[in-house]
1. Roughly what would the spin-label model give for residue B:239 and residue A:180, points 7 Å off Cα along C-beta, in nm?
2. How many Cβ atoms of partner chains, on average, are near each residue of B:112-125 if near means within 10 Å of its Cβ?
3. Using helices alone, what [θ] at 222 nm do you get for chain A, with -39,500 (n - 2.57) per DSSP H run of 4 or more residues, divided over all residues and rounded to the nearest 500?
4. Quantify how strongly other chains surround peptide A:21-31 by giving the mean number of their Cβ atoms within 10 Å of each of its Cβ atoms.
5. Would you please give the FRET efficiency between residue A:169 and residue B:158, computed as 1/(1 + (r/R0)^6) with r the Cβ-Cβ distance and R0 = 51 Å, to the nearest 0.05?
6. Evaluate the distance, in nm, between pseudo-label points positioned 7 Å from the Cα of residue B:26 and of residue A:50 along their respective Cα→Cβ axes.
7. Give me, ordered by chain and number, the residues 5 or more places off residue B:66 or on other chains with an amide H under 5 Å from its own placed amide H.
8. Mean-square fluctuation check for chain A, GNM, Cα pairs under 10 Å: which of A:175, A:257, A:233 is largest?
Amino acid sequence: MNKRSTGEKIFAVFNTIFLLMLCVIFFLPVWHVAMGSISDPLKVAATSGLYFKPLGKITLGGYKLIMQNSTILNAYGNTIIYVVAATLLGLVLNILAAYVMSTKGLMFGKPFALFVIFTMIFNGGLVPTFMVVNKLGMMDTRWALIIPGALSAYNIIIMRTSFAEIPKEMLEAARIDGASEIKILTRIILPVSKSIIAVIVLFYAVQHWNSWFNAALYLQKSRNLYPLQLTLREIVLQSTENAIVADADGQDVMIYRPLIKYATIMISIIPMMILYPFVQKYFVTGVMIGSVKG
Amino acid sequence: MDSKKAKNTLKKPFFLRLKLDIKNHWQMYLLALPVVLYFAIFNYAPMFGIAMAFEKYQIKKGIFGSQLVGLANFKRFFLSPFFWRLLKNTLLISFYGLLFSFPLPIIFALCLNEVRNKRFKKTVQTISYLPYFISVVVVVSILFDFGKANGLITNIASFFGWEGGAVISSSKWFRSLYIGSNLWQHLGYNSIIFISALAAVDPTLYEAARIDGANRWKQTLHVTLPGIASTIIVLLILRLGQIMGVGYEKIILMYGPSTYETADVISSYVYRVGILDADYSYSTAVNLFNSLVNMVVLFTANFISRKVNETSIW
């Protein structure tokens, strides 16, 4: 490698410092919440600013409290159900749509592609969509959080792009041998598309894990169906931790109340934090395919 | 022979061709069916509901039975005291958002590009994606924690002479908090495309520039930036196409009556009058206006993007 000039060396030092500072900024808010969740509750209530380390004696009282709380546990379970069901449904439909779109020579190929892409440009809007879901009788049922948001045209296009790169000869050979389309899809296309499937699963799963709005919209009377994000909103943003923990009793509640919001935030992001370093490779691939096409 | 065959197919009437196509590809039609049904129900059926925008919709009478009122709902919106405020807030949030969240990911990508230690580079990149995986609810929750009366941001603001109390409930701070937290959440994500564009710049160009005696800064100016210029221009135009499309999800988590003055945008207003006040016709009209403006801007942007794209590849 060529030698660096003094100016370049100075730049390299500042650049490293700048990037390290950015990393701290990206990480610090999460760290603050994590430290808050295990701090001495009395000190949390009395201290302002950032928590760089746990205040006072480390305690798991906040976590213990929410682990005993049926509302939060129930919401956690609901979220898992919604994420698994909606991701599965979305994935299956996504694969079908992408396969049809990547197949050449169909008379309805182009109209079908337009039909899918148009959903990205224009929609009926909030109220008409709400009314359709209402008419289907999905209000205040789990289906409202599984079906309406399950399929996204954007993800279909990403997968289509990937399917289109599979050599056509392989598929034609199978067709001549008399293989059915579903067989070609499941035996030839899917086995060589593992990484794009991982990308799409990741996109859908993150979307559903983090979504709250459809729940607020469609679950107006059934709190027992709330996903975690909506319960979190109630606890932290609408300050209803009193109502949430009302079913737990005793002194613990009073003492650990300042920790509840931090601990709840933590349990909602821990799965993502554990997962994302391993899946970010797929994530970057997906974003790149999407931005080239989108 | 092929062209003759094609001509023959073309001559056949549409329905005959369709019949043949269905016969030959019935399995494909079958595979497409669930997807068509899905979009028909959840994306196309609601479009009929847009008729409500031109009616005085009553639940009892339904979409077909309600009284038509022409453009009255639109008129009501244009004459409403909120119209200009909503338009102004929507455009300002978009504009300031663009001003900060467009150039910074490029700068971040350029800085990363200068790092020679591969492992350090990868680590910084991975950490920069972390906020993207956090939900809006959590981001706003942390924002409330930092913006409360004795929270971090309020304390910093007070240090510099701010006397208005909790910044989270101040209309003067709304835009900064909204855009700042967006930046925090999406900086790493938005830089991905630029990082990959940078990786695609031809290394021999750098070699040539070095031989000509260009230092790193000169190389950045004359090789790197021109190398990613087309990516930057296309993405900028596409971003401009979304200028009227400020989403409601984060706004309605963040705002309150004390911040409506600067926080309320068209989409959050649609939510409030449509879902909370159940004023269906009016809300649908406001939304339709917003969607149409969006579509016009988007198509214009796409059109320009195509032009620029073509002229830039020479």
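1. Result for the modelled spin labels: 5.0 nm.
2. The per-residue average across the peptide is 3.
3. -22000 deg cm²/dmol
4. Neighbouring Cβ atoms belonging to other protein chains average 5 per residue here.
5. Efficiency, rounded to the nearest 0.05: 0.15.
6. Placing both labels 7 Å along Cα→Cβ, they lie 6.7 nm apart.
7. When sequence neighbours closer than 5 places are left aside, the close amide H contacts are B:58.
8. A:175
Since every read-out is calculated from the coordinates, none of them should be taken as a lab result. Keep in mind that this is a model prediction, so the values were computed, not measured. Cβ coordinates were reconstructed from backbone atoms using ideal geometry, including for glycine residues, and neighbour counts include every protein chain displayed.
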